[in-house]
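As structure tokens, the structure follows; a few thoughts come after it.
The values are calculated or read from the model by the stated rules, or taken from the named source; none is laboratory data. All values reported here derive from a predicted model rather than from experimental measurement. Cβ: placed from backbone, ideal geometry, glycine included. Neighbour counts: every protein chain shown. Ligands, DNA and RNA are stripped out before the accessible areas are found, and what is left, the full protein with its side chains, is counted by its heavy atoms. Shrake-Rupley method; radii C 1.70, N 1.55, O 1.52, S 1.80 Å.
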Amino acid sequence: MRRFLTPLFTLQSTYLLNPELFIPETTPRKFATVILPIAIRKEYTYSVPSELEDLVRFGVRVEVSFGKNKLYAGIIQEVHEADPGYKTKPILSVIDEVPVVTQRQLRLWKWISNYYACTLGEVMNAALPSGLKLMGETRIILSSLYDENEMASSLSDNEYLIAEALQLQNELRISDVKKILNRKTIYPIIKSLLDKRVIFLYEELKEKFKPKTISCIRFREPYASDPSTLAKAFDLTARSRKQTEALLAYVQLSKKQEVIRRQEIYNTATGVDAQAVKELEKKGIIEIYHREVSRLGGYEEETVESFQLSNQQEKALTEIRTTFEDKDVLLLHGVTGSGKTRVYIELIQEAIDKGQQVLYLLPEIALTTQIVHRLQKIFGNDIIVYHSRMNNNERVELWKSAQAGKPILLGARSGMFLPFQNLGLIIVDEEHDPSFKQHEPAPRYNARDTAVVLSALYGAKVVLGTATPSLETYRNATTGKYGLVEMPERFGGLEMPEIVIVDQREEMKNSQMHSHFTSVLLEELKTTLDRGEQAILFQNRRGYAPTLRCHSCGWHSECVNCDVSLTYHKFSDHLRCHYCGYLTGVPTSCPACGHRHLDLKGFGTEKIEDELKVFLPSAKIGRMDWDTVKGKHAHAKLINDFEEKRIDILVGTQMVTKGLDFDNVSVVGILSADHLIRFPDFRAGERAFQLMIQVSGRAGRKKKRGKVIIQAYEPDHPVIKEVIDNDFKGFVKRESMERKEFLYPPYYRIIKITLKHKKRMVVQQAAEYFGNELKMKFKGRVIGPAEPGVPRVRGFYLMNIVLKLNKDAKDLKSAKDLIWKVRDDLGQTKGFTSVKIIVDVDSY
């Protein structure tokens with residue numbers, strides 16, 4: 001066994017101590033402009049040592065020092081011979097043999113950096129998987145696969161030294177590795193250890209990717225091996241019709257297939273529920289087990305897709321092909337349940353047949369489990385899924401798969417940063433969804449708009465699909481910039497759901513309200529359960545109650561870090577801030593006056609779930625919000641339980657509007673429509689309309705017409721009337737008139753500038769200076785500075801400035817140039833250097 005008791009004093013350590021001794025007499029012939037994963041506007045040039053000249057090329061990662069002691073893995077943007085005019089540092093090592101990014105990717109990065117007013121380093125940080133962004137503070141740990149006896153001989157001396165150190169310590173920072181080896185150049189060693197699976201980056205072990213499991217059924221002994229004993233099994237179920245039907249369904253299915261999903265029993269035997277199957281398990285007839293199925297292919301269920309296109313789908317495909325002859329982008333506007341996904345599948349297949357790659361963008365992968373599985377069942381191993389919950393190692397492998405030409409890449413907004421080889425089609429599903437807009441950190445890009453730019457770089461086509469288009473996209477489509485294809489009917493001729501508005505004022509006046517439920521909604525839920533059907537209730541606020549208030553003095557619970565009320569969560573019995581995560585216990589008396597009468601005001605999803613159990617004690621109720629789907633597989637499990645009828649009523653926030661398709665849901669309830677509309681945002685009406693239409697679309701998807709019940713104190717509000725009539729064009733006409741009058745998108749462009757500081761006086765003075773500089777040039781187009789609705793978040797006081805611009809490229813460039821200048825001036829002004837400035841172009 002090799003042992004290194006003391007580090008050797010090497011030439012590298014001499015370089016660290018006396019770098020000036022190694023300055024060459026002549027200037028190096030070649031230089032390289034390097035992109036670093038940090039927020040700096042200036043591009044930095046490094047000299048290329050002669051021994052690395054053959055290795056340095058565009059797109060490869062190189063190890064460079066920045067500042068006094070920091071090491072980064074940067075990306076070569078350009079190799080040239082132009083002396084920058086200042087003393088350059090040398091590139092320390094070349095990490096890759098082949099480029100990790102392409103020229104087209106870099107052009108996209110530069111467009112994002114320029115349009116969204118951020119640095120190229122910030123874009124690089126967002127675009128690359130963490131496994132490709134090594135830096136001095138990155139931590140490494142020893143792989144559980146490492147066996148010293150078997151693997152030591154394949155390691156170099158330096159690699160072995162690091163493996164030995166990790167056996168003595170749980171983890172090392174890359175800066176620690178540099179000290180252990182006494183080397184300036186260490187990233188190639190780290191890369192080699194990663195490739196050999198000797199080490200992993202620390203982040204990789206936070207959450208491992210696990211395969212999906214499905215709930216299946218099989219006979220127990222003796223029924224499994226001896227068919228003659230089945231008569232005894234039927235004797236055990238003789239007193240229960242449902243149990244007998246469930247058993248009969250299993251016997252019939254087992255003659256055709258080996259693996260039987262529990263859901264197939266429910267689909268085969270009408271009226272059979274989860275309780276009947278559970279009783280069969282208790283009686284020892286069957287056992288329920290979980291079977292693993294691949295997420296990326298080899299799916300073992302039968303394909304349920306109908307390859308027969310409807311007339312409407314055929315017509316839409318014909319129109320899409322015709323439109324693509326002279327336009328590169330089109331809007332596919334189809335009502336909920338119209339069969340847009342089936343059209344996407346056909347377009348994907350056509351692109352694959354041409355040898356092209358397809359990028360399918362979804363708002364949030366974790367919340368679109370059903371559509372992901374549906375596509376995987378069709379395309380199997382041709383599809384890979386890229387999302388934020390994957391560990392670093394998986395992301396790097398998927399990055400390489402995209403580089404190798406994987407046909408279908410399905411992902412959230414970050415999927416557009418993948419290194420495509422031959423991108424031919426981009427599908428942006430639910431293009432209206434605000435999740436496509438990145439808010440924190442920079443770059444604050446909109447994936448829908450960036451996808452259009454990406455398509456132009458590859459000569460690809462773009463389909464923007466939704467039932468409720470954003471006003472920007474719809475205007476582009478109706479003015480001829482984009483193509484427009486419409487699917488106005490539901491698949492199979494199914495009617496749109498019946499929408500019933502219930503006036504909560506009248507119900508209150510007549511004492512018909514039951515807590516937060518109107519008599520109409522509660523009665524409809526009871527009827528639905530009696531029919532063996534399911535329901536979804538929508539309330540866009542999580543927690544139990546948003547405010548705890550003193551009945552005597554008016555005190556209410558507030559966050560210590562933010563100027564916002566704390567929300568009470570009954571399950572954990574604590575108060576929580578939904579902005580910074582601050583937690584505290586529930587006081588037994590008022591901290592201000594000592595009074596013991598504290599009231600909970602308002603209601604969230606947790607309270608709805610709790611009170612439904614009182615009014616509908618026999619109902620099985622599930623809740624879908626951020627608190628219940630935190631785990632990696634929690635959302636999929638909840639969806640699976642609802643699909644398999646282990647849940648009767650699903651209560652949720654806007655998560656229930658995203659990509660769900662349940663054929664047994666007949667009723668959808670919207671509990672507080674007014675709260676959606678009254679939100680202080682110019683897009684509140686648009687968001688409310690989209691959410692209500694989308695959640696309404698969950699009712700009556702396959703079997704029969706559904707019903708939607710909307711509770712509101714202001715039932716005559718224009719948005720609510722437009723939802724009832726499913727009048728999208730009427731909504732667009734009215735909303736567009738208001739937007740145009742008050743200079744808002746889609747007719748004008750919005751840039752929001754937010755300033756943050758720990759001291760209120762400092763941020764107010766900085767915002768005043770910033771605002772005055774903008775007003776000198778743009779005069780009446782500047783709103784603010786003003787405090788936002790929540791003026792302090794995470795200990796920082798906030799001030800907002802809103803700049804409204806014409807849809808003119810020159811205006812936009814002029815505005816961004818001025819913003820950068822004022823930003824730089826402020827950063828050099830005494831007293832304002834620590835003010836944080838956030839620029840959000842096309843703010844949502």
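Residues that are part of a loop (DSSP other than H, G, I, E, B), open to solvent by 20 Å² or more (accessible area, probe 1.4 Å) and at pLDDT 90 or above do occur in the stretch 667-687, at least one of them.
Looking only at residues in the stretch 63-76 that are closer than 15 Å to ASN125 by Cα and free of Cβ contacts under 8 Å to residues at least 60 places away in the same chain, the one that is surrounded by the most Cβ atoms within 10 Å (Cβ to Cβ) is ILE75.
Among the residues of the stretch 748-791, those identified as open to solvent by less than 60 Å² (accessible area, probe 1.4 Å), within 28 Å of the chain's Cα centre (by Cα) and of a type outside the set (S, T, N, Q) are TYR748, ARG749, ILE750, ILE751, ILE753, LEU755, LYS756, PRO788, VAL790, PRO791. Does LEU193 satisfy the condition of being in contact (Cβ under 8 Å) with a residue 40 or more places away in the chain and in a loop (DSSP other than H, G, I, E, B)? No; evaluated as a whole, the condition is false for this residue. For the stretch 406-423, the set of residues classified as open to solvent by 10 Å² or more (accessible area, probe 1.4 Å) and either over 30 Å from ILE140 (Cα atoms) or in contact with an Asp or Glu (Cβ under 7 Å, 6 or more places away or on another chain) (or both) consists of PRO407, ALA412, GLN421, ASN422, listed by residue number. Restricting attention to the stretch 424-446, the residues being in contact with a Gly (Cβ under 9 Å, 6 or more places away or on another chain) and buried (at least 24 other Cβ atoms within 10 Å of the Cβ) number 4.
Please verify whether the stretch 798-812 includes one or more residues that are more than 30 Å from VAL560 (Cβ to Cβ), assigned to a strand (DSSP E or B) and of a type in the set (A, V, I, L, M, F, W, C).
Yes, the stretch 798-812 contains a residue that is more than 30 Å from VAL560 (Cβ to Cβ), assigned to a strand (DSSP E or B) and of a type in the set (A, V, I, L, M, F, W, C).
As a summary of the residue check, LYS400 satisfies the conditions (1) of a type in the set (D, E, K, R); (2) farther than 30 Å from SER696 by Cβ; (3) in contact (Cβ under 8 Å) with a residue 40 or more places away in the chain except for the one numbered (3). Scanning the stretch 491-516 for residues being more than 21 Å from LYS721 (Cα to Cα), in contact (Cβ under 8 Å) with a residue 24 or more places away in the chain and touching a helix residue (DSSP H, G or I) at 6+ places or on another chain (Cβ under 9 Å) gives a total of 4.
Filter the stretch 688-725 down to residues that are open to solvent by 10 Å² or more (accessible area, probe 1.4 Å) and either in contact with a Cys (Cβ under 6 Å, 6 or more places away or on another chain) or part of a strand (DSSP E or B) (or both), then give me how many there are. Residues in the stretch 688-725 being open to solvent by 10 Å² or more (accessible area, probe 1.4 Å) and either in contact with a Cys (Cβ under 6 Å, 6 or more places away or on another chain) or part of a strand (DSSP E or B) (or both): 1 in total.
Of all the listed residues (THR303, THR336), the sole one being within 22 Å of the chain's Cα centre (by Cα) and modelled with pLDDT under 90 is THR336. Pairs meeting the criteria (first residue in the stretch 811-836 and touching a residue at least 24 places away in the same chain (Cβ under 8 Å) and farther than 12 Å from ILE751 by Cα, second residue open to solvent by 80 Å² or more (accessible area, probe 1.4 Å) and in a helix (DSSP H, G or I), beta carbons under 7 Å, at least 6 apart or on different chains) are LEU818/LYS777. Here is the figure for the stretch 753-773: residues that are not charged (D, E, K, R) and not in a helix (DSSP H, G or I) total 4. The residue pairs whose first member lies in the stretch 544-565 and is farther than 20 Å from PHE603 by Cβ, whose second member is among the β-branched types (Val, Ile, Thr), and whose beta carbons are closer than 7 Å, counting only pairs six or more residues apart or on different chains, are CYS562/VAL790; CYS562/VAL793; ASP563/VAL790.
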